[in-house]
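The values are calculated or read from the model by the stated rules, or taken from the named source; none is laboratory data. Computed from a prediction, not measured in an experiment: that's the story for all the values here. All Cβ positions, even for glycine, are placed from backbone atoms using ideal geometry, and neighbour counts span all protein chains on display.
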Amino acid sequence: MENIHIKRNHDKRIKSGHLWIFSNELEAIPELPAGSIVEIYTSDNTFLGLGFYNPHSLISVRLLKTNKEINIDFFLDRISNALNLRKILNNTGMSRIVFGESDLLPGLIVDKYGEYLSIQISSAGMENLKDVIIDALLRVIPNIKGIIAKNNSKPRELEGLTLDETVLFGEIPDEIITNENGIILSISLKQSQKTGYFIDQSNNRKFIISISKNINVLDCYCNQGGFGLHAAKAGAKEIICVDSSDTALSKARRNAELNNFSNIRFVQSDVADYLKNELTENRKWDLIILDPPAFAKSKKDVKTAIKGYAKINRLAMQLLSESGFLATSSCSQHISEEVFLSTIQFEAAKLNIQLRQIFRGTQSPDHPILASMPETKYLKFFVFQKISI
Ligand SMILES: C[S@@+](CC[C@H](N)C(=O)[O-])C[C@H]1O[C@@H](n2cnc3c(N)ncnc32)[C@H](O)[C@@H]1O
């Protein structure tokens, strides 16, 4: 196994628990195949553990925090630990079972939908070990009927991996019926975006139940209806759900039917266009939910992304009724909570609107945040109330 050394004075972050070593922090970039397992040392030869090496990626090494062989026992141990947390959280029905670095399994995501698993691999090291991982998953999680790899995420390309979607084990049905916070959901692992459903917003959706009774709700970027369905369950009067994806909307309609919610309307539109139109028609909404896709996929997108968040939040604020609520979210890891908050406050001030924050959320606990790695925190979610003056 090749030894790799970190440059002098570049190991502080790693020693404090961060798992990524960047190419400019290594003494040399050895010519090894992507995904090779290497031994990592400080410049004075202190062993820091094994890691996945990738000469094509800016993240040259992903540390595994172990000195033991990377074999089936390693994965059985790590996946069992990850599963134990989800058992404590009591969400083993529909849940993220493995959240990459936060479960010390860099580049591996495993989501469980009933008896089916949907996985995403975004590091060459994990890709090389795919068969061992599947074996470990089947041994640790009982009664799994099918596993699909939804390897369609951008980070894969940065690791030199191809994009694909493949059934890796058993069969994947067209529809899986599951439930979230007491709402029946039909999930299609084959047709959906990401791994099947945006599980990370689960706790934030629960909060939406508490404020939605007897009001009208506009759920923007609704995908399969997650927030809107929660508002319907809470007894909202009227709900309109907007998304640009026809596939997502047809799933959302199916979900409304399954729950016998008849007061939700689904509209296929670009959200900004829809909001502008509502403004010209002088409509008012008691609750507007904004849950757009990540506007900043990388650091270079941050400036444009801020403009995007400013635009949709500005439009939404103008459509709020007196004392209306704005539930606004950003899943861009490159936009910090401070920047997101100040963007919203800046727009509110320009419109002479006073907002008060009544809820601050993040990703649900089955997407844990590694304290030593800010990169594992990505979801911002705030609910504000407009104060009538
Ligand atoms: C983060 S997901 C929303 C998740 C959803 N709120 C939920 O609770 O599951 C973002 C959604 O935005 C949709 N989308 C992307 N660009 C859009 C646009 N310009 N206008 C409307 N919808 C858009 C995608 O189809 C996707 O469903």
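Residue by residue, here is whether (1) surrounded by 15 or more Cβ atoms within 10 Å (Cβ to Cβ); (2) touching a residue at least 40 places away in the same chain (Cβ under 8 Å) holds:
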position	(1), (2)
Leu129	yes, yes
Ile133	yes, yes
Arg139	no, yes
Lys145	no, no
Arg156	yes, no
Glu159	yes, yes
Glu171	no, no
Ile176	yes, yes
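When each of Asp246, Asp286, Asp270, Asp291 is tested for being within 8 Å of the ligand (Cβ to nearest atom) and more than 17 Å from the chain's Cα centre (by Cα), the lone residue that passes is Asp270. Pairing each residue of the stretch 279-304 that is closer than 14 Å to Leu218 by Cβ with any residue that is among the charged types (D, E, K, R) and within 16 Å of the ligand (Cβ to nearest atom), provided the two are 6+ apart or on different chains, yields C-beta distances under 6 Å for Ile289/Asp219. Considering Ile306, Ile312, the condition of being crowded, with 20+ Cβ neighbours inside 10 Å, within 12 Å of the ligand (Cβ to nearest atom) and either in the same structural domain as Ala232 (by TED's automatic domain parsing) or part of a helix (DSSP H, G or I) (or both) is satisfied by Ile312 alone. Just checking, does the stretch 73-83 include any residue being farther than 20 Å from Leu370 by Cβ and in contact with a strand residue (DSSP E or B) (Cβ under 8 Å, 6 or more places away or on another chain)? Checking the stretch 73-83: not a single residue is farther than 20 Å from Leu370 by Cβ and in contact with a strand residue (DSSP E or B) (Cβ under 8 Å, 6 or more places away or on another chain). For Gly226, the conditions (1) among the small types (Gly, Ala, Ser); (2) touching a helix residue (DSSP H, G or I) at 6+ places or on another chain (Cβ under 7 Å); (3) farther than 30 Å from Arg86 by Cβ are fulfilled apart from (3). Taking into account only those residues within the stretch 189-209 that are part of a loop (DSSP other than H, G, I, E, B) and modelled with pLDDT of 95 or more, which is farthest from the ligand (Cβ to nearest atom)? Taking the candidates together, the pick is Leu189.
Take the conditions (1) of a type in the set (A, V, I, L, M, F, W, C); (2) at pLDDT below 95; (3) over 23 Å from Ile141 (Cβ atoms); Met94 misses just one of them, which is (3).
For the stretch 210-230, how many residues are in a helix (DSSP H, G or I) and touching a Leu at 6+ places or on another chain (Cβ under 7 Å)?
Pass one, the stretch 210-230, residues in a helix (DSSP H, G or I): 210-211, 226-230.
When the remaining residues are screened for being touching a Leu at 6+ places or on another chain (Cβ under 7 Å), the result is 211.
Residues meeting the conditions: 1.
Identify all residues within the stretch 12-30 that are outside any helix (DSSP H, G or I) and either surrounded by fewer than 16 Cβ atoms within 10 Å (Cβ to Cβ) or charged (D, E, K, R) (or both); write none if there are none. Let's see the steps before the verdict.
Let us first name the residues in the stretch 12-30 that are outside any helix (DSSP H, G or I), namely 16-22, 26-30.
Within the stretch 12-30, Ser16, Gly17, Phe22, Glu27, Ala28, Ile29, Pro30 meet the criteria.
For the stretch 171-188, the set of residues classified as more than 10 Å from the ligand (Cβ to nearest atom) and of a type outside the set (A, V, I, L, M, F, W, C) consists of Glu171, Pro173, Asp174, Glu175, Thr178, Asn179, Asn181, Gly182, Ser186, Ser188, listed by residue number. Tallying residues that are surrounded by fewer than 19 Cβ atoms within 10 Å (Cβ to Cβ) and of a type in the set (A, V, I, L, M, F, W, C) within the stretch 235-267 yields 3.
Considering only the stretch 221-233, I want to know if a residue exists there that is of a type outside the set (Phe, Trp, Tyr), away from the ligand (no atom under 12 Å from the Cβ) and not assigned by TED's automatic domain parsing to the domain that holds Thr166.
Restricting attention to the stretch 221-233, the residues satisfying the condition of being of a type outside the set (Phe, Trp, Tyr) are 222-226, 228-233.
Narrowing further to those that are away from the ligand (no atom under 12 Å from the Cβ): 232-233.
Retained after the next criterion (residues that are not assigned by TED's automatic domain parsing to the domain that holds Thr166): 232-233.
The answer is yes; a qualifying residue exists.
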